[in-house]
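A.B. asks: Pasting a structure here, questions to come.
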Amino acid sequence: MATISVRTKRTAVDRLIGRPIDWLKREREKWEKEGLRPWVWRNFLVEVWPFFYDKKTIVWLEKDLLDDIEPIEAKVRAQIKVVDDSGDDLAPSLVKAAEIGWRESNFVAETLEKGGKCYVAVDGNNVLAYLWITTRSVATKEPHLGDVDCEPVLSENEFYIFKVFTFPQYRGLRLIPALIVAAAQDLKSKGYRRASMAVHDWNNPMLRAAARAGFATCEIITRYRLFLILRLYRRKHIRPCRATIRPKGGVKLR
Ligand SMILES: CC(C)(COP(=O)(O)OP(=O)(O)OC[C@H]1O[C@@H](n2cnc3c(N)ncnc32)[C@H](O)[C@@H]1OP(=O)(O)O)[C@@H](O)C(=O)NCCC(=O)NCCS
């Protein structure tokens, strides 16, 4: 399996400011796990620091659907279903799942109404994992790379995967690669030629699942924000990107 590894160059700013704050975050998680209350000043620093310095990196991945697509078997018994209508029997389970996964309850009805689709792995009526897809002609707010202030414009025959989620007890069972490949096969037969998705650089499980499903990195976009207003961007091109990723509000990327 080809792996996707994301290595961005560490800048002087990262070393001077990023490292201490990463350390503080790790410390805080440790204290929280142990049920200890972090010192007030440290907690304050973790909350307030992002106003001074914040770094976000998004990896843009694409998969060509021109070649044959080999199905992937999940390691658990699951059936794959497509939900594209709020009247579907599975829709109430999806609302619950969206609340757990993304704490958004209106999302399901709104997205289905606008034309988005959900591919769900189920065992009976029990939802194990799901992913949503949208296309250029669908009026959902996705694709949307808010963390790096960018707005991708999909090409005509491309679909975008978002809100991917596997319930914790079913993780590592290849449900998401199986779902992605099933969606790709289904949409390829409807004329789609490319799939894309955006993943945070820290999300290794998702990067591994995407690599297993045949996605490759096209671009790595990093946004540094200093003192809330000063924004610096780095775009690293790995391979030609078919979607056009444009900065929102005319922010210049470099
Ligand atoms: C990312 C996510 C969707 C992956 O789904 P999945 O069905 O577990 O996918 P896979 O079975 O292919 O596992 C992918 C990787 O997760 C990791 N993993 C394995 N078991 C795991 C477990 N019990 N818990 C967490 N991660 C695990 C492994 O690194 C695995 O890669 P590997 O099989 O090559 O070792 C899932 O972890 C998840 O729902 N995360 C929270 C939501 C999220 O981050 N969504 C993505 C937003 S873009």
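A.B. asks: What is the one condition in (1) touching a Lys or Arg at 6+ places or on another chain (Cβ under 8 Å); (2) within 11 Å of the ligand (Cβ to nearest atom); (3) closer than 27 Å to E104 by Cα that R212 does not satisfy?
C.D. replies: R212 satisfies all of (1) touching a Lys or Arg at 6+ places or on another chain (Cβ under 8 Å); (2) within 11 Å of the ligand (Cβ to nearest atom); (3) closer than 27 Å to E104 by Cα except (3).
A.B. asks: Looking for whichever is away from the ligand (no atom under 15 Å from the Cβ) and assigned to a loop (DSSP other than H, G, I, E, B) here; the options are G191, G172. Which one fits?
C.D. replies: G191
A.B. asks: Is it true that some residue in the stretch 107-120 is part of a loop (DSSP other than H, G, I, E, B), surrounded by fewer than 16 Cβ atoms within 10 Å (Cβ to Cβ), away from the ligand (no atom under 13 Å from the Cβ) and among the charged types (D, E, K, R)?
C.D. replies: no
A.B. asks: Restricting the search to the stretch 81-118, which residues are on the phi > 0 side of the Ramachandran plot and at pLDDT below 85?
C.D. replies: R103
A.B. asks: Further question on the same structure: Condition check: part of a strand (DSSP E or B) and aliphatic (A, V, I, L, M). Does V127 satisfy that?
C.D. replies: Judged against the criteria, V127 is a match.
The values are calculated or read from the model by the stated rules, or taken from the named source; none is laboratory data. Not measured: the values here are computed from a predicted model. Methodologically, a virtual Cβ is constructed for each residue, glycine included, from the backbone with ideal geometry; neighbour enumeration extends over all protein chains shown.
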